[in-house]
Amino acid sequence: MRILPQLIPCNTAGTLDRLFRIRCLTSPDRMAYRYFDRETKTWPEVTWKEMADLTSRWQQGLQQENLDKGDRVAIQLKNSIEWIAFEQAALGLGLVVVPLYVDDRADNVAYILQDAGVKVLLVNDDKQWQDLSVHIDEDSQLKRVVLLDNDNDDSNPILSTVGNWLPAEPVHLQERGGDPDKLATIVYTSGTTGRPKGVMLSHKNILFDSESLIKTIGIDDPYNLEFLSFLPLSHMYERTVGYYVPMMAGAKVSYARSVQTLAEDFQTIKPTIIATVPRIFERFYDKMQQKLSKQSIVSRSIFRFAVYVGWKHFNFKQKTAWFNPVILFNPVLNKIIGKKVQQLLGGRLQIAASGGAALPETVAKTFVGLGINIFQGYGMTESSPAVTMNNFSLNIPASVGEIMPGVELRIGDNDELLIKGPMVMLGYWNNHQATSEVISDDGWLHTGDKARIDGRVVYITGRIKDILILSNGEKVPPVDMELAITLQPEFDQALVVGEGKSYISALVVLNGENWPQIAQQHGLDPLDPESLKDKKLMSAMQKVIAKALHDFPGYAKVRRVSLSLQPWTIEDGFMTPTLKIKRPKVIEACQAEIDAMYK
């Protein structure tokens, strides 16, 4: 893999703040970021020189707080240029950054602030702080809270607005000469059980992972690449792929307004690369299927044929299948069908890096068959995060890609995937026991995921812990079943249960938008809660679920369902900020419904 002339290698950068400084000096007049201005309804562009000036102002603000190197500061903002400037300002002073999810529960954020000993916190507005402040202990080390958007009455001595706190004039960014192996950030994992743990990552961890990703994907002309950033920067996946990789390679980044306006932002920005999670493509897939269901049988048949031919063409190009004459139809079908689907994503998308969870095979085949380059990868916060990635030269959608340069993987006991390399975390903050449980004495990180390795290609086969064992000894993969169920337009969420039982049941949240139509089809009142207990409705929903699970073994059959219209959310504590269901929490809250399914 050739090294691009505009690439700033890991060893040259040394630290994350030096990477930023070098990029600002070498590309001062190039566009760095673009964002939506709500007042003018425009998308202003920000150059690297302007980012350097903005960062220097934030750095002066932090210097006023008399912090020592190694002190922790936290950010709880949406993706924005202020997020970048605050972090780079902090890193340039040798401070440690603690990113926080905007939508996380206030009590969880307060725990993180206390555990990390955070001294300065940047939040969006006074309301966000008021919701959080009631959970802050008296012995908190917090000495300054900076509000980005709102004025306040200054009655609280630790509160400051950006307008009052931030110096008006920029200064030159100073060369720090920091140690690459020093702690750069503490990222709290949004675990589905227990309190979150603080993953300690060094400058070298993240820089090494960023360079390895660039080499793996094979970016040819990053100066003409534009990222659309919409996953939270508080998650290492977006932070590495959508922040440090573009900075290292010299690409541009635009910040989406929200997930709700994502379809419009794709049309405006027309990105060439995105970092995404399967749920985004699942939503696009659901909407496509709903539109198709209203079209003629001829239109539906042409669409399915286009996907079939495109998939055959893709496998031929990847040299994983022989030539099939049906491939000759691909150029015409791509023009009729494929281009329309590609336009939904702006029409210029070259790479969609997908991670965080497995992409359902049906969804992958549909989009890949219609010309969308989806590169699945694998990683975890503890590995900065990526360790495998599909790419242009090798893209096997059933896999999570090939092992990235400099990364070592092996299969341990119980088929567990183990990781070793310069991107593996320093450990968990203030938690030596948890560190020793996941990192062996010889440096191997235990993932908890089962896998197989074929050459340099990795396949994730399941979670060691996420297996239900029925009373007859049969083992059931609940996550895979839940994915299949929620691909049906009737359902938004599902949780499969049955540990130690003789059969499987499911807690299912119906799609709120489709519920009125479903209720009408069954002669039910959509506003009456009792409608959800209708036996004919439950029987119909079981048939839909059975169809979704037709590829699973016969014993993986859902025999009872409990229907609901109340979704599990982050705010209620039933989901992590990365949209993973907290299984124990849901089971605890729905124990009565579960018991009823086993009477």
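Rounded to the nearest 5, what is the percent of antiparallel bridges among the DSSP beta bridges in the range 324-423? Write down the numbers at each step before the final one.
On the way: 9 of 12 bridges.
If I count the DSSP bridges inside the range 324-423, around 75 percent turn out antiparallel.
What whole-number value in Å² describes the accessible area per residue of the range 376-534 for a 1.4 Å probe?
Details: 7210 Å² over 159 residues.
Spelled out: the 1.4 Å probe surface of the range 376-534, per residue, equals 45 Å².
Whole Å is fine, so just give me how far the alpha carbon centre of the range 4-70 lies from that of the range 350-407.
29
Could you tell me whether the range 480-554 comes out rounded, prolate or oblate from its Cα gyration tensor? Rule is a ≥ b ≥ c as square roots of the eigenvalues, rounded for a/c under 1.5, then prolate if a/b exceeds b/c, otherwise oblate. If you can, show how the numbers build up before the last one.
Working: a/c = 2.07, a/b = 1.70, b/c = 1.22.
Prolate, because a/c is 1.5 or more and a/b exceeds b/c.
Between the DSSP loop rule and a limit of at most 10 other Cβ atoms within 10 Å, which chymotrypsin sites (Phe, Trp or Tyr not before Pro) in the range 284-332 are left?
Values: sites: PHE284, TYR285, PHE303, PHE305, TYR308, TRP311, PHE314, PHE316, TRP322, PHE323, PHE329; in loops: TRP322, PHE323.
Those that pass, being in a loop and sparsely packed, are TRP322, PHE323.
How tilted is helix 535-548 with respect to the longest principal axis of the chain? Cα atoms for both, answer in degrees (0 to 90, nearest 10).
70
If you roll a 1.4 angstrom probe over the protein chains with everything in place, what fraction of the accessible area of the range 154-244 belongs to carbon and sulfur, to the nearest %? Intermediate results must be reported in sequence, preceding the final value.
Working: 1690 of 3430 Å².
Of all accessible area on the range 154-244, carbon and sulfur atoms account for 49 percent.
Does anyone have the angle between helix 81-92 and the longest principal axis of the chain? Alpha-carbon axes, 0 to 90°, nearest 10?
Once rounded, one gets 50 degrees.
In whole angstrom, note down how far apart the Cα centers of the range 415-432 and the range 98-125 are.
Distance between centres, Cα-based: 24 Å.
Expressed in nm², what is the orientationally averaged projection area of the convex hull enclosing the Cα positions of the range 376-500? Walk me through the numbers before you get to the answer.
Working: hull surface 41.3 nm².
The Cα convex hull of the range 376-500, projected and averaged over all directions, gives 10.3 nm².
Report the percentage of all Cα-Cα pairs in the chain whose separation exceeds 34 Å, rounded to a whole percent. The partial results should precede the final answer.
Working: 80476 of 179101 pairs.
Percent of Cα pairs beyond 34 Å in the chain: 45.
For TYR378, what accessible area in Å² do you get when you roll a 1.4 Å probe over the heavy atoms of the protein chains, rounding to the nearest 10?
30
Taking a 1.4 Å probe, which of HIS432, HIS550 shows the most accessible area, and what order do the others take after it?
Working: HIS432 150, HIS550 130 Å².
From most exposed to least exposed: HIS432, HIS550.
How high is the relative contact order of the range 332-413? Use alpha-carbon pairs under 8 Å, at least six apart in sequence, and give a whole percent.
Working: 104 pairs, mean separation 17.9, N = 82.
RCO, the range 332-413: 22 percent.
Report, for the chain, the % of DSSP beta bridges that are antiparallel, rounded to 5.
Details: 40 of 78 bridges.
If I count the DSSP bridges inside the chain, around 50 percent turn out antiparallel.
For the chain, what does -39500 (n - 2.57) per DSSP helix run (n ≥ 4), summed and divided by total residues, give at 222 nm, in deg cm²/dmol to the nearest 500? Mind showing how you got there, number by number?
Details: 22 runs with 205 residues, N = 599.
Helices in the chain give a 222 nm mean residue ellipticity of -10000 deg cm²/dmol.
Just the number, please: carbon plus sulfur as a percent of the accessible area of the range 341-413, 1.4 Å probe, no ligands or DNA/RNA counted.
Working: 1150 of 2330 Å².
Ligands and nucleic acids excluded, carbon and sulfur reach 49 percent.
Report the paramagnetic label zone for ARG463: residues of the range 482-516 whose backbone N is under 18 Å from a point 7 Å from Cα along the Cα-to-Cβ axis.
482-487, 493-500, 505-509
In percent, how large is the relative contact order of the chain, given Cα pairs closer than 8 Å and 6 or more residues apart?
11
Using a probe radius of 1.4 Å on heavy atoms only, what accessible surface per residue do you get for the range 169-319? Whole Å² is fine.
Details: 6130 Å² over 151 residues.
Using a 1.4 Å probe on heavy atoms only, each residue of the range 169-319 averages 41 Å².
Just want the answer: with Cβ charges of +1 for Lys and Arg and -1 for Asp and Glu, which residue in TYR33, GLN6, VAL109 is farthest toward the dipole's positive end in the chain?
Going by the charge dipole, the pick is GLN6.
Angle check, please: helix 16-26 long axis (alpha carbons) against the longest principal axis of the chain (alpha carbons), in degrees 0 to 90, nearest 10.
The angle comes out near 80 degrees.
Starting from the amide H of TYR188, placed 1.01 Å from N in the peptide plane, find each other amide H under 5 Å away whose residue is 5 or more places distant or on another chain.
Here VAL199 satisfy the definition.
The values are calculated or read from the model by the stated rules, or taken from the named source; none is laboratory data. Everything quoted here is computed from the prediction, not taken from an experiment. All Cβ positions, even for glycine, are placed from backbone atoms using ideal geometry, and neighbour counts span all protein chains on display. For accessibility, only protein heavy atoms count, side chains too; no ligands or nucleic acids. Shrake-Rupley method; radii C 1.70, N 1.55, O 1.52, S 1.80 Å.
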